[in-house]
Amino acid sequence: MQNIINQIINISEQLNNEVFLVGGYLRDLLLKKTSFDMDLAVSKDAKKFSKLIAEKFNGKSVILHEDTQTYRVILFNNPHLKFIDISLMQGENIEQDLQKRDFTVNAFALNIKNFQRIKNNLIDNFQGLKDLKNKKIKAVSKDTFKDDPLRILRAFRIACEYKFNVEKETLKLIKKSVSSLSEIAPERIRVEFFRILENDNSSFYLSVMDDTGILEQLFPVITVMKHSAKNFYYHPKGLFQHCFQTYEAVEKILAKRDRYFSKSKDFLNKHFEEKFPDDITRKSLLKFSALFHDCAKPECAQKVGRKMRFFGHEELGAKKAVQILQKLAVSKKERMIVKKTIQEHMRPSNLTKVPVVTVKAQHRLFRDLKENTPDILMLAMADWHSYRTLKIKVYPNAVLKRQEKTVADMIFNYFEFINQKPKEKIIDGYDLMKAFKLKPGKIIGELLRYIDTLQEDGKVKDKKQALYFAKGYLNVIKEKEKNAV
(Lines give C-alpha, C1' and ligand atoms only; values in the text may rest on other atoms or scores of the structure.)
Protein backbone atom coordinates (compact mmCIF):
# COMPACT_ATOMS: atom_id res chain seq x y z
CA MET A 1 0.00 0.00 0.00
CA GLN A 2 2.85 2.40 0.80
CA ASN A 3 4.04 2.04 -2.81
CA ILE A 4 0.60 3.20 -4.05
CA ILE A 5 0.66 6.13 -1.62
CA ASN A 6 4.13 7.14 -2.81
CA GLN A 7 3.03 7.15 -6.44
CA ILE A 8 -0.02 9.31 -5.59
CA ILE A 9 2.30 11.72 -3.74
CA ASN A 10 4.56 11.93 -6.82
CA ILE A 11 1.59 12.84 -9.03
CA SER A 12 0.39 15.45 -6.51
CA GLU A 13 3.85 17.06 -6.51
CA GLN A 14 3.95 16.95 -10.30
CA LEU A 15 0.72 19.00 -10.39
CA ASN A 16 1.62 21.08 -7.32
CA ASN A 17 -1.63 19.78 -5.83
CA GLU A 18 -2.66 19.30 -2.20
CA VAL A 19 -4.13 15.82 -1.73
CA PHE A 20 -5.99 14.56 1.34
CA LEU A 21 -7.27 11.15 2.36
CA VAL A 22 -10.90 11.61 3.41
CA GLY A 23 -14.21 9.77 3.85
CA GLY A 24 -14.77 6.06 4.28
CA TYR A 25 -11.22 4.96 3.50
CA LEU A 26 -9.74 7.10 6.26
CA ARG A 27 -12.52 6.05 8.65
CA ASP A 28 -11.75 2.37 7.98
CA LEU A 29 -8.04 3.02 8.32
CA LEU A 30 -8.65 4.47 11.79
CA LEU A 31 -10.86 1.50 12.68
CA LYS A 32 -8.14 -0.85 11.37
CA LYS A 33 -10.56 -2.31 8.85
CA THR A 34 -9.68 -3.33 5.30
CA SER A 35 -11.08 -1.06 2.61
CA PHE A 36 -10.73 -1.41 -1.15
CA ASP A 37 -12.13 2.05 -2.01
CA MET A 38 -9.93 5.09 -1.46
CA ASP A 39 -11.34 8.64 -1.18
CA LEU A 40 -9.17 11.63 -2.06
CA ALA A 41 -9.89 15.37 -1.97
CA VAL A 42 -7.65 17.54 -4.15
CA SER A 43 -7.11 21.31 -4.13
CA LYS A 44 -7.26 21.68 -7.94
CA ASP A 45 -7.26 19.88 -11.31
CA ALA A 46 -9.41 16.93 -10.17
CA LYS A 47 -9.99 15.80 -13.76
CA LYS A 48 -6.33 15.89 -14.74
CA PHE A 49 -5.32 14.27 -11.45
CA SER A 50 -7.75 11.37 -11.98
CA LYS A 51 -6.46 10.81 -15.53
CA LEU A 52 -2.85 10.66 -14.33
CA ILE A 53 -3.83 8.25 -11.54
CA ALA A 54 -5.64 6.04 -14.09
CA GLU A 55 -2.59 6.01 -16.37
CA LYS A 56 -0.23 5.24 -13.49
CA PHE A 57 -2.25 2.28 -12.20
CA ASN A 58 -3.53 0.96 -15.55
CA GLY A 59 -7.08 1.90 -14.62
CA LYS A 60 -9.96 3.81 -16.12
CA SER A 61 -11.23 7.25 -15.08
CA VAL A 62 -14.98 7.96 -15.16
CA ILE A 63 -16.94 10.99 -13.99
CA LEU A 64 -19.33 10.46 -11.08
CA HIS A 65 -20.65 13.98 -10.42
CA GLU A 66 -19.89 16.75 -12.85
CA ASP A 67 -21.17 19.55 -10.58
CA THR A 68 -18.76 18.61 -7.74
CA GLN A 69 -15.98 17.46 -10.09
CA THR A 70 -15.92 13.97 -8.62
CA TYR A 71 -14.19 11.20 -10.58
CA ARG A 72 -13.70 7.49 -10.04
CA VAL A 73 -10.62 5.60 -11.12
CA ILE A 74 -11.45 1.93 -11.59
CA LEU A 75 -8.43 -0.25 -10.93
CA PHE A 76 -8.04 -3.61 -12.64
CA ASN A 77 -6.33 -6.58 -10.98
CA ASN A 78 -5.05 -4.54 -8.05
CA PRO A 79 -4.92 -6.60 -4.84
CA HIS A 80 -5.13 -3.53 -2.59
CA LEU A 81 -7.73 -1.25 -4.20
CA LYS A 82 -10.74 -1.48 -6.52
CA PHE A 83 -11.55 2.24 -6.80
CA ILE A 84 -9.98 5.59 -6.09
CA ASP A 85 -12.58 8.36 -5.85
CA ILE A 86 -11.20 11.84 -6.45
CA SER A 87 -13.14 15.03 -5.74
CA LEU A 88 -12.32 18.71 -5.88
CA MET A 89 -12.34 20.33 -2.44
CA GLN A 90 -15.67 22.05 -1.75
CA GLY A 91 -14.47 25.39 -0.42
CA GLU A 92 -11.20 27.26 -0.24
CA ASN A 93 -9.44 24.70 1.92
CA ILE A 94 -9.81 21.23 3.43
CA GLU A 95 -11.45 22.61 6.59
CA GLN A 96 -14.29 24.14 4.55
CA ASP A 97 -14.59 20.94 2.56
CA LEU A 98 -15.02 18.85 5.72
CA GLN A 99 -17.74 21.21 6.94
CA LYS A 100 -19.90 20.15 3.97
CA ARG A 101 -19.55 16.42 4.61
CA ASP A 102 -22.30 14.22 6.04
CA PHE A 103 -21.28 12.73 9.39
CA THR A 104 -18.52 13.45 11.86
CA VAL A 105 -17.07 9.94 11.40
CA ASN A 106 -16.54 10.86 7.74
CA ALA A 107 -15.41 14.44 8.36
CA PHE A 108 -11.72 14.15 9.06
CA ALA A 109 -8.81 14.38 6.66
CA LEU A 110 -5.13 13.51 6.39
CA ASN A 111 -2.61 15.04 4.05
CA ILE A 112 -1.45 12.06 2.06
CA LYS A 113 2.17 13.00 2.72
CA ASN A 114 1.52 12.16 6.39
CA PHE A 115 0.22 8.66 5.68
CA GLN A 116 2.77 7.09 8.03
CA ARG A 117 2.11 9.66 10.79
CA ILE A 118 -1.69 9.68 11.17
CA LYS A 119 -1.96 10.20 14.95
CA ASN A 120 -0.45 13.69 15.13
CA ASN A 121 -1.58 14.94 11.71
CA LEU A 122 -5.28 14.07 11.58
CA ILE A 123 -7.50 17.05 10.77
CA ASP A 124 -10.52 16.48 13.03
CA ASN A 125 -12.48 19.70 13.55
CA PHE A 126 -15.77 17.93 14.36
CA GLN A 127 -14.55 15.40 16.95
CA GLY A 128 -15.10 12.57 14.51
CA LEU A 129 -12.47 10.41 16.20
CA LYS A 130 -14.38 10.68 19.49
CA ASP A 131 -17.65 9.67 17.78
CA LEU A 132 -15.82 6.82 16.05
CA LYS A 133 -14.68 5.49 19.42
CA ASN A 134 -18.18 5.93 20.87
CA LYS A 135 -19.75 4.22 17.83
CA LYS A 136 -21.97 7.20 17.10
CA ILE A 137 -23.37 8.56 13.83
CA LYS A 138 -23.71 12.32 14.17
CA ALA A 139 -24.58 14.88 11.49
CA VAL A 140 -21.87 17.46 10.80
CA SER A 141 -24.41 20.31 10.62
CA LYS A 142 -28.13 21.15 10.65
CA ASP A 143 -27.98 21.30 6.84
CA THR A 144 -26.59 17.78 6.44
CA PHE A 145 -29.87 16.32 5.15
CA LYS A 146 -30.93 19.44 3.27
CA ASP A 147 -27.76 19.24 1.18
CA ASP A 148 -28.47 15.60 0.25
CA PRO A 149 -31.57 13.78 1.61
CA LEU A 150 -30.03 10.41 0.68
CA ARG A 151 -27.83 10.90 3.74
CA ILE A 152 -30.91 9.91 5.79
CA LEU A 153 -30.56 6.35 4.51
CA ARG A 154 -26.79 6.51 4.53
CA ALA A 155 -26.84 7.28 8.27
CA PHE A 156 -28.58 3.98 8.95
CA ARG A 157 -26.57 2.06 6.38
CA ILE A 158 -23.26 3.10 7.97
CA ALA A 159 -24.66 2.51 11.47
CA CYS A 160 -25.86 -0.93 10.42
CA GLU A 161 -22.61 -1.95 8.72
CA TYR A 162 -20.48 -0.83 11.69
CA LYS A 163 -22.95 -1.58 14.50
CA PHE A 164 -23.06 2.10 15.50
CA ASN A 165 -26.02 4.12 16.84
CA VAL A 166 -27.52 7.24 15.29
CA GLU A 167 -27.37 9.91 18.00
CA LYS A 168 -30.56 11.61 19.26
CA GLU A 169 -30.12 15.07 17.73
CA THR A 170 -29.37 13.52 14.35
CA LEU A 171 -32.53 11.40 14.66
CA LYS A 172 -34.51 14.60 15.29
CA LEU A 173 -33.03 16.15 12.16
CA ILE A 174 -33.91 13.01 10.20
CA LYS A 175 -37.56 13.12 11.37
CA LYS A 176 -37.83 16.71 10.15
CA SER A 177 -36.27 15.80 6.79
CA VAL A 178 -38.01 12.50 5.97
CA SER A 179 -40.36 13.99 3.35
CA SER A 180 -37.34 15.09 1.29
CA LEU A 181 -36.62 11.44 0.44
CA SER A 182 -39.15 11.86 -2.37
CA GLU A 183 -36.61 14.09 -4.14
CA ILE A 184 -34.05 11.27 -4.43
CA ALA A 185 -33.56 9.17 -7.56
CA PRO A 186 -34.98 5.66 -7.00
CA GLU A 187 -31.71 4.01 -8.03
CA ARG A 188 -29.85 5.77 -5.20
CA ILE A 189 -32.51 4.71 -2.68
CA ARG A 190 -32.26 1.13 -3.93
CA VAL A 191 -28.50 0.98 -3.35
CA GLU A 192 -28.65 2.26 0.23
CA PHE A 193 -31.79 0.36 1.25
CA PHE A 194 -30.60 -3.03 0.02
CA ARG A 195 -27.18 -2.48 1.57
CA ILE A 196 -29.02 -2.11 4.88
CA LEU A 197 -30.94 -5.35 4.26
CA GLU A 198 -27.70 -7.15 3.51
CA ASN A 199 -26.55 -6.88 7.14
CA ASP A 200 -27.33 -9.61 9.66
CA ASN A 201 -28.52 -7.11 12.28
CA SER A 202 -30.68 -4.92 10.03
CA SER A 203 -33.99 -5.51 11.84
CA PHE A 204 -32.90 -3.29 14.75
CA TYR A 205 -32.05 -0.42 12.39
CA LEU A 206 -35.21 -0.90 10.33
CA SER A 207 -37.16 -0.57 13.56
CA VAL A 208 -35.51 2.79 14.30
CA MET A 209 -36.08 3.86 10.69
CA ASP A 210 -39.74 2.99 11.12
CA ASP A 211 -39.93 5.14 14.28
CA THR A 212 -38.62 8.12 12.31
CA GLY A 213 -41.18 7.65 9.51
CA ILE A 214 -38.66 6.61 6.86
CA LEU A 215 -40.27 3.28 5.94
CA GLU A 216 -43.73 4.77 5.42
CA GLN A 217 -42.25 7.58 3.35
CA LEU A 218 -40.46 5.10 1.11
CA PHE A 219 -43.25 2.50 1.04
CA PRO A 220 -46.78 3.95 1.55
CA VAL A 221 -48.22 0.41 1.58
CA ILE A 222 -46.80 0.10 5.11
CA THR A 223 -49.17 2.85 6.29
CA VAL A 224 -52.09 0.86 4.90
CA MET A 225 -50.80 -2.26 6.65
CA LYS A 226 -50.55 -0.44 9.96
CA HIS A 227 -53.96 1.20 9.85
CA SER A 228 -56.11 -1.38 8.10
CA ALA A 229 -55.44 -4.65 9.84
CA LYS A 230 -55.63 -4.00 13.59
CA ASN A 231 -59.20 -5.25 13.87
CA PHE A 232 -58.72 -8.56 12.15
CA TYR A 233 -55.19 -9.74 12.86
CA TYR A 234 -53.60 -11.66 15.71
CA HIS A 235 -50.79 -9.20 16.41
CA PRO A 236 -51.89 -6.35 18.73
CA LYS A 237 -50.27 -3.68 16.56
CA GLY A 238 -51.73 -5.09 13.38
CA LEU A 239 -50.52 -6.59 10.18
CA PHE A 240 -47.25 -4.70 9.84
CA GLN A 241 -46.15 -5.95 13.25
CA HIS A 242 -46.60 -9.49 11.93
CA CYS A 243 -44.65 -8.75 8.73
CA PHE A 244 -41.88 -7.05 10.67
CA GLN A 245 -41.63 -9.93 13.13
CA THR A 246 -41.45 -12.29 10.15
CA TYR A 247 -38.53 -10.18 8.90
CA GLU A 248 -36.86 -10.48 12.32
CA ALA A 249 -37.44 -14.23 12.27
CA VAL A 250 -35.80 -14.53 8.84
CA GLU A 251 -32.69 -12.82 10.20
CA LYS A 252 -32.59 -15.09 13.24
CA ILE A 253 -33.08 -18.24 11.17
CA LEU A 254 -30.38 -17.17 8.70
CA ALA A 255 -28.04 -16.48 11.63
CA LYS A 256 -28.73 -19.97 13.00
CA ARG A 257 -28.39 -21.92 9.77
CA ASP A 258 -25.94 -24.30 11.49
CA ARG A 259 -28.60 -25.17 14.05
CA TYR A 260 -31.68 -25.46 11.84
CA PHE A 261 -30.11 -26.80 8.65
CA SER A 262 -26.93 -28.59 9.73
CA LYS A 263 -27.06 -31.05 6.80
CA SER A 264 -27.46 -28.38 4.12
CA LYS A 265 -25.81 -25.27 5.60
CA ASP A 266 -23.02 -25.14 2.99
CA PHE A 267 -25.51 -25.32 0.13
CA LEU A 268 -27.65 -22.63 1.80
CA ASN A 269 -24.67 -20.31 2.31
CA LYS A 270 -23.86 -20.49 -1.39
CA HIS A 271 -27.53 -20.12 -2.33
CA PHE A 272 -28.17 -16.96 -0.34
CA GLU A 273 -24.85 -15.38 -1.33
CA GLU A 274 -25.89 -15.43 -4.99
CA LYS A 275 -25.48 -11.86 -6.24
CA PHE A 276 -27.38 -10.15 -9.06
CA PRO A 277 -26.47 -7.21 -11.35
CA ASP A 278 -27.66 -4.58 -8.85
CA ASP A 279 -25.29 -6.04 -6.21
CA ILE A 280 -28.38 -7.41 -4.47
CA THR A 281 -28.16 -10.91 -2.99
CA ARG A 282 -30.77 -13.62 -2.56
CA LYS A 283 -30.50 -13.06 1.18
CA SER A 284 -31.67 -9.44 0.96
CA LEU A 285 -34.41 -10.39 -1.54
CA LEU A 286 -35.71 -12.93 0.98
CA LYS A 287 -35.78 -10.24 3.67
CA PHE A 288 -37.59 -7.85 1.35
CA SER A 289 -40.14 -10.59 0.63
CA ALA A 290 -40.65 -11.16 4.35
CA LEU A 291 -41.32 -7.47 4.98
CA PHE A 292 -44.06 -7.34 2.33
CA HIS A 293 -45.30 -10.95 2.13
CA ASP A 294 -48.76 -10.13 3.53
CA CYS A 295 -49.07 -6.54 2.28
CA ALA A 296 -52.27 -7.29 0.33
CA LYS A 297 -54.25 -8.76 3.23
CA PRO A 298 -56.18 -5.53 3.94
CA GLU A 299 -57.67 -5.59 0.44
CA CYS A 300 -58.37 -9.34 0.56
CA ALA A 301 -59.89 -9.56 4.05
CA GLN A 302 -63.35 -11.08 4.30
CA LYS A 303 -65.20 -12.76 7.13
CA VAL A 304 -66.23 -16.36 6.58
CA GLY A 305 -68.27 -17.53 9.54
CA ARG A 306 -66.33 -16.47 12.63
CA LYS A 307 -62.94 -16.38 10.93
CA MET A 308 -61.20 -13.86 8.70
CA ARG A 309 -59.98 -15.14 5.37
CA PHE A 310 -57.59 -13.49 2.94
CA PHE A 311 -58.25 -15.22 -0.35
CA GLY A 312 -55.83 -14.21 -3.10
CA HIS A 313 -53.54 -12.14 -0.88
CA GLU A 314 -50.48 -14.05 -2.11
CA GLU A 315 -51.00 -13.10 -5.78
CA LEU A 316 -51.96 -9.50 -5.05
CA GLY A 317 -49.13 -9.14 -2.50
CA ALA A 318 -46.62 -10.39 -5.06
CA LYS A 319 -47.92 -7.84 -7.55
CA LYS A 320 -47.62 -4.99 -5.05
CA ALA A 321 -44.07 -6.00 -4.07
CA VAL A 322 -43.04 -6.13 -7.73
CA GLN A 323 -44.44 -2.62 -8.25
CA ILE A 324 -42.30 -1.36 -5.37
CA LEU A 325 -39.21 -2.98 -6.88
CA GLN A 326 -40.01 -1.53 -10.30
CA LYS A 327 -40.06 1.97 -8.77
CA LEU A 328 -36.65 1.25 -7.27
CA ALA A 329 -35.39 0.20 -10.72
CA VAL A 330 -34.60 -3.35 -9.57
CA SER A 331 -33.86 -5.80 -12.38
CA LYS A 332 -36.48 -8.20 -13.74
CA LYS A 333 -34.62 -11.28 -12.50
CA GLU A 334 -34.70 -9.99 -8.93
CA ARG A 335 -38.34 -8.92 -9.21
CA MET A 336 -39.34 -12.39 -10.38
CA ILE A 337 -37.62 -13.99 -7.38
CA VAL A 338 -39.60 -11.80 -4.98
CA LYS A 339 -42.79 -12.38 -6.97
CA LYS A 340 -42.41 -16.16 -6.78
CA THR A 341 -41.43 -16.10 -3.09
CA ILE A 342 -44.48 -14.09 -2.01
CA GLN A 343 -46.84 -15.78 -4.45
CA GLU A 344 -46.01 -19.25 -3.13
CA HIS A 345 -45.29 -18.52 0.54
CA MET A 346 -48.43 -20.35 1.75
CA ARG A 347 -47.65 -23.63 -0.01
CA PRO A 348 -45.27 -25.01 2.65
CA SER A 349 -47.84 -24.26 5.37
CA ASN A 350 -50.51 -26.17 3.48
CA LEU A 351 -48.10 -29.00 2.67
CA THR A 352 -46.81 -29.50 6.23
CA LYS A 353 -50.24 -29.81 7.84
CA VAL A 354 -49.87 -33.57 7.48
CA PRO A 355 -47.36 -35.46 9.67
CA VAL A 356 -45.39 -36.81 6.69
CA VAL A 357 -44.80 -35.05 3.36
CA THR A 358 -44.37 -37.71 0.68
CA VAL A 359 -41.41 -37.81 -1.68
CA LYS A 360 -43.81 -37.32 -4.58
CA ALA A 361 -45.30 -34.17 -3.01
CA GLN A 362 -41.81 -32.81 -2.30
CA HIS A 363 -40.62 -33.42 -5.85
CA ARG A 364 -43.71 -31.72 -7.22
CA LEU A 365 -42.95 -28.70 -5.02
CA PHE A 366 -39.29 -28.63 -6.13
CA ARG A 367 -40.30 -28.75 -9.80
CA ASP A 368 -42.82 -25.94 -9.33
CA LEU A 369 -40.66 -23.63 -7.21
CA LYS A 370 -37.33 -24.49 -8.84
CA GLU A 371 -34.38 -22.46 -7.47
CA ASN A 372 -36.71 -20.44 -5.25
CA THR A 373 -37.52 -23.49 -3.11
CA PRO A 374 -35.18 -22.70 -0.14
CA ASP A 375 -36.33 -19.05 -0.08
CA ILE A 376 -40.01 -20.00 0.09
CA LEU A 377 -39.50 -22.72 2.69
CA MET A 378 -37.48 -20.37 4.88
CA LEU A 379 -40.06 -17.58 4.55
CA ALA A 380 -42.80 -20.00 5.59
CA MET A 381 -40.77 -21.02 8.63
CA ALA A 382 -40.20 -17.36 9.60
CA ASP A 383 -43.91 -16.72 9.10
CA TRP A 384 -44.70 -19.39 11.71
CA HIS A 385 -42.06 -18.02 14.10
CA SER A 386 -43.65 -14.56 14.05
CA TYR A 387 -46.54 -15.93 16.14
CA ARG A 388 -44.29 -17.13 18.97
CA THR A 389 -44.61 -13.87 20.94
CA LEU A 390 -48.42 -13.96 20.99
CA LYS A 391 -50.52 -15.09 23.93
CA ILE A 392 -52.75 -16.99 21.50
CA LYS A 393 -50.99 -20.19 20.44
CA VAL A 394 -51.59 -20.11 16.69
CA TYR A 395 -48.87 -22.73 16.27
CA PRO A 396 -48.44 -25.02 19.34
CA ASN A 397 -44.79 -25.72 20.12
CA ALA A 398 -45.07 -29.37 19.15
CA VAL A 399 -46.53 -28.47 15.75
CA LEU A 400 -43.88 -25.80 15.21
CA LYS A 401 -41.07 -28.21 16.02
CA ARG A 402 -42.49 -30.76 13.58
CA GLN A 403 -42.82 -28.15 10.84
CA GLU A 404 -39.26 -26.91 11.44
CA LYS A 405 -37.91 -30.44 11.08
CA THR A 406 -40.00 -30.99 7.94
CA VAL A 407 -38.67 -27.79 6.37
CA ALA A 408 -35.07 -28.72 7.26
CA ASP A 409 -35.54 -32.17 5.70
CA MET A 410 -37.19 -30.69 2.60
CA ILE A 411 -34.37 -28.19 2.08
CA PHE A 412 -31.82 -31.01 2.33
CA ASN A 413 -33.90 -33.12 -0.07
CA TYR A 414 -34.17 -30.18 -2.48
CA PHE A 415 -30.39 -29.85 -2.79
CA GLU A 416 -30.08 -33.62 -3.26
CA PHE A 417 -32.83 -33.45 -5.89
CA ILE A 418 -31.14 -30.74 -7.97
CA ASN A 419 -27.65 -32.20 -7.57
CA GLN A 420 -28.53 -35.74 -8.59
CA LYS A 421 -27.40 -36.96 -11.99
CA PRO A 422 -30.17 -36.76 -14.61
CA LYS A 423 -31.69 -40.14 -15.34
CA GLU A 424 -31.12 -41.53 -18.80
CA LYS A 425 -34.01 -40.72 -21.12
CA ILE A 426 -36.32 -43.68 -21.62
CA ILE A 427 -38.13 -42.12 -24.55
CA ASP A 428 -37.69 -39.19 -26.93
CA GLY A 429 -39.85 -37.08 -29.20
CA TYR A 430 -39.25 -39.29 -32.24
CA ASP A 431 -40.58 -42.33 -30.33
CA LEU A 432 -43.77 -40.43 -29.46
CA MET A 433 -44.31 -39.16 -33.01
CA LYS A 434 -43.84 -42.67 -34.42
CA ALA A 435 -46.06 -44.43 -31.83
CA PHE A 436 -48.98 -41.98 -31.99
CA LYS A 437 -48.52 -40.53 -35.49
CA LEU A 438 -47.95 -37.02 -34.14
CA LYS A 439 -46.28 -34.04 -35.77
CA PRO A 440 -43.62 -31.92 -34.02
CA GLY A 441 -45.22 -29.39 -31.70
CA LYS A 442 -46.15 -28.39 -28.14
CA ILE A 443 -47.90 -31.70 -27.42
CA ILE A 444 -44.60 -33.60 -27.81
CA GLY A 445 -42.92 -31.36 -25.21
CA GLU A 446 -45.89 -31.72 -22.85
CA LEU A 447 -45.81 -35.51 -23.11
CA LEU A 448 -42.05 -35.65 -22.56
CA ARG A 449 -42.31 -33.48 -19.43
CA TYR A 450 -45.08 -35.75 -18.13
CA ILE A 451 -43.00 -38.88 -18.67
CA ASP A 452 -39.94 -37.23 -17.06
CA THR A 453 -42.01 -36.49 -13.95
CA LEU A 454 -43.24 -40.09 -13.75
CA GLN A 455 -39.71 -41.35 -14.23
CA GLU A 456 -38.41 -39.15 -11.39
CA ASP A 457 -41.19 -40.48 -9.15
CA GLY A 458 -40.19 -44.07 -10.02
CA LYS A 459 -43.46 -44.92 -11.82
CA VAL A 460 -41.90 -45.37 -15.26
CA LYS A 461 -38.90 -47.65 -15.68
CA ASP A 462 -38.89 -48.70 -19.34
CA LYS A 463 -40.06 -47.65 -22.80
CA LYS A 464 -43.16 -49.84 -22.72
CA GLN A 465 -44.42 -48.20 -19.52
CA ALA A 466 -43.56 -44.75 -20.90
CA LEU A 467 -45.67 -45.30 -24.02
CA TYR A 468 -48.54 -46.67 -21.94
CA PHE A 469 -48.69 -43.56 -19.71
CA ALA A 470 -48.07 -41.24 -22.68
CA LYS A 471 -51.08 -42.71 -24.48
CA GLY A 472 -53.33 -42.10 -21.47
CA TYR A 473 -52.08 -38.52 -21.05
CA LEU A 474 -52.48 -37.87 -24.78
CA ASN A 475 -56.15 -38.81 -24.49
CA VAL A 476 -56.52 -36.36 -21.59
CA ILE A 477 -54.96 -33.56 -23.70
CA LYS A 478 -57.25 -34.33 -26.65
CA GLU A 479 -60.32 -34.36 -24.40
CA LYS A 480 -59.37 -30.94 -22.97
CA GLU A 481 -58.96 -29.53 -26.49
CA LYS A 482 -62.30 -30.97 -27.50
CA ASN A 483 -64.11 -29.44 -24.50
CA ALA A 484 -62.38 -26.09 -25.06
CA VAL A 485 -63.90 -25.93 -28.54
**OP:** Sort out for me the helices (runs of 4 or more DSSP H) sitting completely within segment 175-277 that have 1 or more residues that are more than 22 Å from A321 (Cα to Cα) and of a type in the set (G, A, S).
**Re:** 239-255
Original post:
Before we move on, is A46 crowded, with 21+ Cβ neighbours inside 10 Å, of a type in the set (G, A, S) and either under 27 Å from the mean Cα position of the chain (by Cα) or within 24 Å of K130 (Cα to Cα) (or both)?
Top reply: no
**OP:** Name, by its number, the condition in (1) under 24 Å from F108 (Cα atoms); (2) assigned to a helix (DSSP H, G or I) that does not hold for K142.
**Re:** (2)
Subject >> Near pairs, Cβ below 6 angstrom, 6+ apart or cross-chain, from segment 454-476 (of a type in the set (F, W, Y)) to any residue that is open to solvent by less than 40 Å² (accessible area, probe 1.4 Å) and in a helix (DSSP H, G or I) >> reply: F469/L454
Original post:
Of all residues in segment 77-94, which are at pLDDT below 90 and open to solvent by 60 Å² or more (accessible area, probe 1.4 Å)?
Top reply: N77, P79, H80
Original post:
Are there any pairs, at least 6 apart or on different chains, whose C-beta atoms fall under 6 Å, with the first in segment 345-362 and under 20 Å from C295 (Cβ atoms) and without any contact (Cβ under 8 Å) to a residue 40 or more places away in the chain and the second of a type in the set (A, V, I, L, M, F, W, C) and not in a helix (DSSP H, G or I), and if so, which?
Top reply: none
Subject >> A155 vs. criteria touching a strand residue (DSSP E or B) at 6+ places or on another chain (Cβ under 9 Å) and in a helix (DSSP H, G or I) >> reply: yes
**OP:** Within segment 314-348, track down each residue that is open to solvent by less than 10 Å² (accessible area, probe 1.4 Å) and in a helix (DSSP H, G or I).
**Re:** G317, A318, A321, L325, E334, I337, V338, T341, I342, P348
Original post:
Is there a residue being touching a residue at least 24 places away in the same chain (Cβ under 8 Å), closer than 17 Å to I8 by Cα, in a loop (DSSP other than H, G, I, E, B) and among the aliphatic types (A, V, I, L, M) anywhere in segment 40-47?
Top reply: no
Original post:
Somewhere in segment 122-137, is a residue assigned to a loop (DSSP other than H, G, I, E, B), among the aliphatic types (A, V, I, L, M) and open to solvent by 30 Å² or more (accessible area, probe 1.4 Å)?
Top reply: yes
**OP:** Could you tell me whether E169 is over 25 Å from T341 (Cα atoms), in a helix (DSSP H, G or I) and open to solvent by 30 Å² or more (accessible area, probe 1.4 Å)?
**Re:** yes
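The values are calculated or read from the model by the stated rules, or taken from the named source; none is laboratory data. Quick caveat, the model's predicted, so the values are computed rather than measured. Note that each Cβ is placed from the backbone with ideal geometry, even for glycine, and that neighbours are counted across all protein chains shown. When the accessible area is computed, the model is the full protein with side chains, heavy atoms only, and any ligands, DNA or RNA have been set aside. Shrake-Rupley method; radii C 1.70, N 1.55, O 1.52, S 1.80 Å.
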